[in-house]
Amino acid sequence: MGITFSTNDIRGRADDTLTTEHAWNVGKAAAEWLPEQGSIVVVRSADANESTVHALIEGLLLQGRNVIDGGQGDQQAVVTAIGDKQAAGGVLITHDQLQNIEIITLFDALGSTVTAETGLAEIDQLVDAGNFIPATEKGSIIQH
C-alpha cells in the first residue's frame, strides 16, 4: 500500500508513499477500531503535512466519529486531551525532518500508544481490506 506500519506508528512520505487516500483510510480504520463511545482527539506538530492531517480527520468524520481538534502539540497534549475530554482515543501526526516523513501515532482511551501488539496490526488489516461503510451521519469537529 505504500505506507509502513511499524511496531509503534504509521510512517510515510507525504503525497508520495503516504497519500491523502492512505491517511483517509487510516482515519477510517482508527474510527472503526477505537471504542464507539467518545470523540477522537487529533493533534499535529507545527510542521506536520496539512493534507495528511485533513485527510485523516475526514476519514474519522466519514465514519461518524466526532473529532476534537487539539491543534498543534505533542504526545503529552494528546494524552492530556484524551483524559480531559474522556475521549475514545487520539491521534498525533508529526513530521520527522531528518527522514522527511510523516508519522501517525495512535492512542487508546487510556492515553497509551497503540502498538502492533495492542491493536496497530488490526488497524493495518482494516486499512488493507478497505471495506469501510460510511456512517449514516458524518461526525463533527469540536475545537479543544
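The values are calculated or read from the model by the stated rules, or taken from the named source; none is laboratory data. All figures in this text were calculated on a predicted structure; none of them were measured in a lab. As a convention, Cβ positions derive from the backbone with ideal geometry for all residues, glycine included, and neighbour counts pool all protein chains shown.
Entry remark, segment 5-36: residues being assigned to a strand (DSSP E or B), surrounded by 23 or more Cβ atoms within 10 Å (Cβ to Cβ) and out of contact with any His (no Cβ under 9 Å at 6 or more places or on another chain) number 1 in total. The listed residues are 14, 116, and the only one of them that is in contact with an Asp or Glu (Cβ under 7 Å, 6 or more places away or on another chain), farther than 22 Å from residue 143 by Cβ and aliphatic (A, V, I, L, M) turns out to be 14.
Evaluate segment 73-92: report whether one residue or more is among the charged types (D, E, K, R) and touching a helix residue (DSSP H, G or I) at 6+ places or on another chain (Cβ under 6 Å). Full working, then the answer.
Within segment 73-92, the first condition is being among the charged types (D, E, K, R), and the residues that meet it are 74, 84-85.
Within this subset, residues satisfying the condition of being touching a helix residue (DSSP H, G or I) at 6+ places or on another chain (Cβ under 6 Å) are none.
No: segment 73-92 contains no residue that is among the charged types (D, E, K, R) and touching a helix residue (DSSP H, G or I) at 6+ places or on another chain (Cβ under 6 Å).
Quick check, is residue 90 within 14 Å of the chain's Cα centre (by Cα), on the phi > 0 side of the Ramachandran plot, touching a residue at least 40 places away in the same chain (Cβ under 8 Å) and part of a strand (DSSP E or B)? Considered against the rule, which asks whether it is within 14 Å of the chain's Cα centre (by Cα), on the phi > 0 side of the Ramachandran plot, touching a residue at least 40 places away in the same chain (Cβ under 8 Å) and part of a strand (DSSP E or B), residue 90 comes out as no. Quick check: is even one residue across segment 61-68 within 15 Å of residue 89 (Cα to Cα) and free of Cβ contacts under 8 Å to residues at least 60 places away in the same chain? No, because not a single residue in segment 61-68 is within 15 Å of residue 89 (Cα to Cα) and free of Cβ contacts under 8 Å to residues at least 60 places away in the same chain. All conditions in (1) in contact (Cβ under 8 Å) with a residue 12 or more places away in the chain; (2) surrounded by fewer than 19 Cβ atoms within 10 Å (Cβ to Cβ); (3) not charged (D, E, K, R) hold for residue 98, with the sole exception of (1). Note on segment 47-81: residues that are under 21 Å from residue 110 (Cβ atoms), β-branched (Val, Ile, Thr), assigned to a helix (DSSP H, G or I) and within 13 Å of the chain's Cα centre (by Cα) amount to 1. The listed residues are 60, 56, 34, and the only one of them that is out of contact with any helix residue (DSSP H, G or I) (no Cβ under 8 Å at 6 or more places or on another chain), under 23 Å from residue 121 (Cα atoms) and at pLDDT 95 or above turns out to be 34.
Just one of the numbered conditions (1) among the aliphatic types (A, V, I, L, M); (2) modelled with pLDDT under 95; (3) within 17 Å of residue 58 (Cβ to Cβ) is not true of residue 23: (2).
Hey, among the residues in segment 115-133 that are part of a loop (DSSP other than H, G, I, E, B) and under 17 Å from the mean Cα position of the chain (by Cα), which one's farthest from residue 37 (Cα to Cα)?
Restricting attention to segment 115-133, the residues satisfying the condition of being part of a loop (DSSP other than H, G, I, E, B) are 115, 130-133.
If we keep only those that are under 17 Å from the mean Cα position of the chain (by Cα) too, we end up with 115, 130, 132.
Values: 115: 21, 130: 23, 132: 19 Å.
Restricting to residues being part of a loop (DSSP other than H, G, I, E, B) and under 17 Å from the mean Cα position of the chain (by Cα), the top hit is 130.
Beta carbons closer than 9 Å, at least 6 apart along the sequence or on distinct chains, pair a first residue in segment 11-39 that is touching a residue at least 24 places away in the same chain (Cβ under 8 Å) and on the phi < 0 side of the Ramachandran plot with a second that is aromatic (Phe, Trp, Tyr) and assigned to a loop (DSSP other than H, G, I, E, B) for 25/132; 28/132; 29/132; 31/132; 32/132.
Among the criteria (1) of a type in the set (Val, Ile, Thr); (2) closer than 23 Å to residue 49 by Cβ; (3) more than 14 Å from the chain's Cα centre (by Cα), the one residue 136 does not fulfil is (2).
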